[in-house]
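Undergrad: One structure is given below, represented as structure tokens, and several questions about it will come after.
The values are calculated or read from the model by the stated rules, or taken from the named source; none is laboratory data. All values reported here derive from a predicted model rather than from experimental measurement. Every residue, glycine as well, gets a Cβ built from its backbone with ideal geometry; the counts of neighbours run over all protein chains shown. Surface areas here come from the heavy atoms of the whole protein model, side chains and all, with no ligands, DNA or RNA. Shrake-Rupley method; radii C 1.70, N 1.55, O 1.52, S 1.80 Å.
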Amino acid sequence: MSDTVLDVRGLTVDIATPDGTVNAVRGVDLHVGRGEILGVVGESGCGKSTTIKGILGLLPPNAEVGAEMIELDGYGDLLATPRKKMREVRGRRIGFVAQNPFGSLNPIYSIERQFYELQKAHGTKVGKKESREIAHAMLDGVGIVNPARVLDGYAHQLSGGMAQRVVIALATTLSPQLLIADEPTTGLDATVQAQIMDLISGLVRSEQRSMLLVTHDLGVIAQYAQRVVVMLDGEVVEHGPVMEVMVDPQHEYTRKLINSVPKREELHDVTA
Amino acid sequence: MSLLEVENACKTFASRQRGGDPVQALRGVSLQVEAGETLAIIGESGSGKSTLGRAVLRLLELDEGSVRMDGVDLAGLSPSELRAKRAEMQIVFQEPYESLNPRMSIGSIVAEPLQIHRKGLGAAQIRKLVIEVLERVGLPAKVATRLPGELSGGQQQRVGVARAVVSEPKFVVLDEPTSSLDLSIRAQILELLAQLQADLGLAYLFVSHDMHTVEKVSDRIAVMYLGEIVETAPTVDLFRSPQHPYTQTLLSARLSADPREKHAYRAYEGDASVRATPPQQAPA
């Protein structure tokens, strides 16, 4: 078992459009260590979501993914993995949490059935009763107060925060070593965001999982990630430990990003 | 007398689900906004903050209570009197693109309030005022002929701001005006709003869910929870010594972009997010 769970080198994504090819991701290097949360931060259009979709094999056919390597520890080369086989990797080896939980949940299946389908799709031999027990325990683990009630219900009956908890429970059911989350708390209330991020970082820490966390929210990165990669126009402009990059940014763009967050001190200066 | 006075505002909506309980969006809200100041309304989804923002402009009718602008009760105005009063009170919406007619040029969008509120103006005067206000919000005159879809999100929101201030209002409701914008664009729009306030003496009711933003822009803050204002205080005091337990929870949920400032989230007993049914009232 290596200390690096995910090792990506020289990732490129070229997207064919009617107006020519867009080089959306241009040579991105990143690696995620065991038990670590790596943050990927940048503004809309910087290529951060395209980067993780490239890693997960979730891009449409008009996107061409290239790399020197995309290595998942304990599995091997993701780049050489055919599309069909990637379906087994996602869920079993990599759990994915998207921004909109309602897009991840099936609106016409009960929550209970979604846990059952997940396990069936990945060849886990479980009966309906056993699946319900597993699901109950998973929901309990993500802080849902009344799991039985949620299991019998449907996605539309859940609040945004509850739905995201269900998605996190689903994403971790098959115990993947790596979680990838794309703006998991964007659009949620601040108090719910704090709860969900506390939950996610607890899940990573308690079971020595690893996480690739994509967000535009510098507060989320500063408070929960150990290392950070800053992206601009499809490239990594700065990377390093959060304590260094966020406290003493070297690249001009990182400085600009950090300075655009309203700061407490400025206000107190004005009123003093 | 304050510029805006809201007294005991109440509004209940019927449930969207058949047989569901009605939603009490406002339960006796009272507040004042002084000329030239920014009062922030902070709250989370379902707290009633957007309902309040619309009610103070009489974009929706209250069940109970009153809203007075310059001492005039808005509920007592006839439709034509209300329309005239609206020159003084405007709104900027959260989604810039959704709030602009996609088939109207930027110039006609910004000219519309002038055509409604200042009927005596000729076409040339209107054109001149439109160009002036576009420049004031940092847009080149040439965008007047463009359509909203041709502009970036930040530029679209500048158009929304131009439309709100062109009729020379005293009071503007800002309903999450920067929530859908990227960080660096957000800072620019906030700067623009502050500049306009200084130049034109505007009062703002700034509706937001973002503590970082309201801390920066507001003179006073009112905290809403489940249709009630649980606490109102000058911004500095509220951040220094929050009194209500819900305010304390909101503050503890802020995630500082400085990793040296560690946050410790403290849950609130009335927390609606993990409960099967939200509490009906804020615990005291």
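Undergrad: Quick check on my filter: what residues within segment A:204-216 are at pLDDT 90 or above and either out of contact with any strand residue (DSSP E or B) (no Cβ under 8 Å at 6 or more places or on another chain) or over 28 Å from B:Thr247 (Cα atoms) (or both)?
TA: Correct list: A:Val204, A:Arg209, A:Ser210, A:Met211, A:Leu212, A:Leu213, A:Val214.
Undergrad: Further question on the same structure: Regarding segment B:20-34, can at least one residue be identified that is among the aliphatic types (A, V, I, L, M), more than 29 Å from B:Gly201 (Cα to Cα) and open to solvent by 70 Å² or more (accessible area, probe 1.4 Å)?
TA: Among the residues of segment B:20-34, at least one is among the aliphatic types (A, V, I, L, M), more than 29 Å from B:Gly201 (Cα to Cα) and open to solvent by 70 Å² or more (accessible area, probe 1.4 Å), which makes the answer yes.
Undergrad: Something else now. Hey, among A:Val242, A:Val229, A:Val220, which residue is within 26 Å of A:Asn23 (Cα to Cα) and open to solvent by less than 50 Å² (accessible area, probe 1.4 Å)?
TA: Working: A:Val242 fails: within 26 Å of A:Asn23 (Cα to Cα); A:Val220 fails: within 26 Å of A:Asn23 (Cα to Cα).
Testing whether each residue is within 26 Å of A:Asn23 (Cα to Cα) and open to solvent by less than 50 Å² (accessible area, probe 1.4 Å) leaves just A:Val229.
Undergrad: Take the residues in segment A:119-146 that are within 14 Å of chain B (Cβ to nearest Cβ) and in a helix (DSSP H, G or I); name whichever of them is farthest from A:Arg92 (Cα to Cα). Write out each step before concluding.
TA: Pass one, segment A:119-146, residues within 14 Å of chain B (Cβ to nearest Cβ): A:139-146.
Then drop every residue that is not in a helix (DSSP H, G or I), which leaves A:139-141.
Details: A:Leu139: 18, A:Asp140: 21, A:Gly141: 19 Å.
Applying the filter and picking the extreme gives A:Asp140.
Undergrad: I need the full set of residues from segment B:230-260 which are open to solvent by 40 Å² or more (accessible area, probe 1.4 Å) and β-branched (Val, Ile, Thr), in order please. Before you say what the answer is, go through the steps one by one.
TA: Kept after step one, since they are open to solvent by 40 Å² or more (accessible area, probe 1.4 Å), are these residues of segment B:230-260: B:232, B:234, B:237, B:240-241, B:243, B:245, B:248, B:260.
Correct list: B:Thr232 only.
Undergrad: Let me spell it out: the conditions are (1) open to solvent by 40 Å² or more (accessible area, probe 1.4 Å); (2) facing chain B (nearest Cβ under 9 Å); (3) free of Cβ contacts under 8 Å to residues at least 24 places away in the same chain, and A:Ala194 meets all of them except one. Which number is the exception?
TA: Tallying (1) open to solvent by 40 Å² or more (accessible area, probe 1.4 Å); (2) facing chain B (nearest Cβ under 9 Å); (3) free of Cβ contacts under 8 Å to residues at least 24 places away in the same chain, A:Ala194 fails exactly one: (1).
Undergrad: Can you tell me how many residues within segment B:40-80 are assigned to a strand (DSSP E or B) and touching a residue at least 60 places away in the same chain (Cβ under 8 Å)? Give the derivation first.
TA: Taking segment B:40-80 and keeping what is assigned to a strand (DSSP E or B), we get B:40-42, B:64-69, B:72-73.
Now narrow it down to the ones that are touching a residue at least 60 places away in the same chain (Cβ under 8 Å): B:40-42, B:66-69.
So the answer is 7.
Undergrad: Turning to a different aspect of this structure: Scanning segment B:81-90 for residues that are part of a helix (DSSP H, G or I) and open to solvent by 50 Å² or more (accessible area, probe 1.4 Å), which turns out farthest from B:His117 (Cα to Cα)?
TA: Filtering segment B:81-90 down to residues part of a helix (DSSP H, G or I) leaves B:81-85.
Subset that is open to solvent by 50 Å² or more (accessible area, probe 1.4 Å): B:81, B:83-84.
Values: B:Glu81: 11, B:Arg83: 8, B:Ala84: 7 Å.
This residue is B:Glu81.
Undergrad: Given the conditions (1) of a type outside the set (Val, Ile, Thr); (2) in a helix (DSSP H, G or I); (3) without any contact (Cβ under 8 Å) to a residue 24 or more places away in the chain; (4) open to solvent by 50 Å² or more (accessible area, probe 1.4 Å), report the number of the one that A:Tyr116 does not fulfil.
TA: Of the numbered conditions (1) of a type outside the set (Val, Ile, Thr); (2) in a helix (DSSP H, G or I); (3) without any contact (Cβ under 8 Å) to a residue 24 or more places away in the chain; (4) open to solvent by 50 Å² or more (accessible area, probe 1.4 Å), the odd one out for A:Tyr116 is (4).
Condition check ((1) open to solvent by less than 10 Å² (accessible area, probe 1.4 Å); (2) within 16 Å of the chain's Cα centre (by Cα); (3) of a type in the set (A, V, I, L, M)) across all residues:
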position	(1), (2), (3)
B:Gly149	no, no, no
B:Ala164	yes, yes, yes
B:Pro177	yes, yes, no
B:Leu181	no, yes, yes
B:Ser184	no, no, no
B:Gln188	no, no, no
B:Gly201	no, no, no
B:His209	no, yes, no
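Undergrad: Pick from segment A:171-187 the residues that are open to solvent by 30 Å² or more (accessible area, probe 1.4 Å) and either modelled with pLDDT of 95 or more or within 14 Å of chain B (Cβ to nearest Cβ) (or both): which of them is nearest to the chain's Cα centre (by Cα)?
TA: First, the residues of segment A:171-187 that are open to solvent by 30 Å² or more (accessible area, probe 1.4 Å): A:175, A:177, A:186-187.
Then keep just the ones that are either modelled with pLDDT of 95 or more or within 14 Å of chain B (Cβ to nearest Cβ) (or both); that gives A:186-187.
On the way: A:Thr186: 12, A:Gly187: 15 Å.
By that ranking, first place goes to A:Thr186.
Undergrad: I've got another one for you. For A:Gln250, state whether it is in contact with a helix residue (DSSP H, G or I) (Cβ under 9 Å, 6 or more places away or on another chain) and surrounded by 23 or more Cβ atoms within 10 Å (Cβ to Cβ). Walk me through it before giving the result.
TA: Values: in contact with a helix residue (DSSP H, G or I) (Cβ under 9 Å, 6 or more places away or on another chain): yes; surrounded by 23 or more Cβ atoms within 10 Å (Cβ to Cβ): no.
Taking the combined requirement at face value, the residue does not satisfy it.
Undergrad: Which residue, of A:Leu6, A:Leu11, is of a type outside the set (Lys, Arg) and either more than 20 Å from the chain's Cα centre (by Cα) or farther than 16 Å from A:Ala63 by Cβ (or both)?
TA: Numbers: A:Leu11 fails: either more than 20 Å from the chain's Cα centre (by Cα) or farther than 16 Å from A:Ala63 by Cβ (or both).
Selected residue: A:Leu6, the only one of A:Leu6, A:Leu11 that is of a type outside the set (Lys, Arg) and either more than 20 Å from the chain's Cα centre (by Cα) or farther than 16 Å from A:Ala63 by Cβ (or both).
Undergrad: Do we have any residue at all in segment B:103-124 that's more than 21 Å from the chain's Cα centre (by Cα), modelled with pLDDT of 95 or more, within 27 Å of A:Glu43 (Cα to Cα) and surrounded by fewer than 21 Cβ atoms within 10 Å (Cβ to Cβ)?
TA: The answer is no, given that none of the residues of segment B:103-124 is more than 21 Å from the chain's Cα centre (by Cα), modelled with pLDDT of 95 or more, within 27 Å of A:Glu43 (Cα to Cα) and surrounded by fewer than 21 Cβ atoms within 10 Å (Cβ to Cβ).
Undergrad: Ok, one more. Quick one: in segment A:11-28, which of the residues that are small (Gly, Ala, Ser) and surrounded by 14 or more Cβ atoms within 10 Å (Cβ to Cβ) is farthest from A:Leu178 (Cα to Cα)? If you could, list the steps in order and put the result at the bottom.
TA: Within segment A:11-28, the subset small (Gly, Ala, Ser) is A:16, A:20, A:24, A:27.
In the following step, the residues that additionally are surrounded by 14 or more Cβ atoms within 10 Å (Cβ to Cβ) were identified as A:24, A:27.
Details: A:Ala24: 24, A:Gly27: 22 Å.
Top of the filtered list is A:Ala24.
Undergrad: Please work out if A:Ala80 is small (Gly, Ala, Ser), touching a residue at least 24 places away in the same chain (Cβ under 8 Å) and open to solvent by 30 Å² or more (accessible area, probe 1.4 Å). Give the steps one after another, and end with the answer.
TA: Values: small (Gly, Ala, Ser): yes; touching a residue at least 24 places away in the same chain (Cβ under 8 Å): no; open to solvent by 30 Å² or more (accessible area, probe 1.4 Å): yes.
Spelling it out, it is not the case that A:Ala80 is small (Gly, Ala, Ser), touching a residue at least 24 places away in the same chain (Cβ under 8 Å) and open to solvent by 30 Å² or more (accessible area, probe 1.4 Å).
Undergrad: Another question, if that's okay. In this structure, does A:Val220 turn out to be more than 10 Å from chain B (Cβ to nearest Cβ), at pLDDT 90 or above and within 19 Å of the chain's Cα centre (by Cα)?
TA: Details: more than 10 Å from chain B (Cβ to nearest Cβ): no; at pLDDT 90 or above: yes; within 19 Å of the chain's Cα centre (by Cα): yes.
So A:Val220 fails the test.
Undergrad: Pick out, from segment A:37-109, the strands (runs of 3 or more DSSP E) lying fully within it that include 3 or more residues that are farther than 21 Å from A:Ile221 by Cα and of a type outside the set (Ser, Thr, Tyr).
TA: A:63-66, A:69-72
Undergrad: Only one of these is out of contact with any Asp or Glu (no Cβ under 8 Å at 6 or more places or on another chain), within 11 Å of chain B (Cβ to nearest Cβ), open to solvent by less than 20 Å² (accessible area, probe 1.4 Å) and of a type in the set (Lys, Arg): A:Arg165, A:Arg149. Name it.
TA: Details: A:Arg149 fails: open to solvent by less than 20 Å² (accessible area, probe 1.4 Å).
None of the others qualify; the one that does is A:Arg165.
Undergrad: Here's something else I'd like to know. So, in segment B:238-267, how many residues would count as being more than 20 Å from A:Val261 (Cβ to Cβ), more than 7 Å from every other protein chain (Cβ to nearest Cβ) and either among the β-branched types (Val, Ile, Thr) or under 22 Å from the mean Cα position of the chain (by Cα) (or both)?
TA: 2
Undergrad: Kindly evaluate B:Glu132 against the criterion of being under 16 Å from the mean Cα position of the chain (by Cα) and either within 14 Å of another protein chain (Cβ to nearest Cβ) or without any contact (Cβ under 8 Å) to a residue 12 or more places away in the chain (or both).
TA: Numbers: under 16 Å from the mean Cα position of the chain (by Cα): no; either within 14 Å of another protein chain (Cβ to nearest Cβ) or without any contact (Cβ under 8 Å) to a residue 12 or more places away in the chain (or both): yes.
Taking the combined requirement at face value, the residue does not satisfy it.
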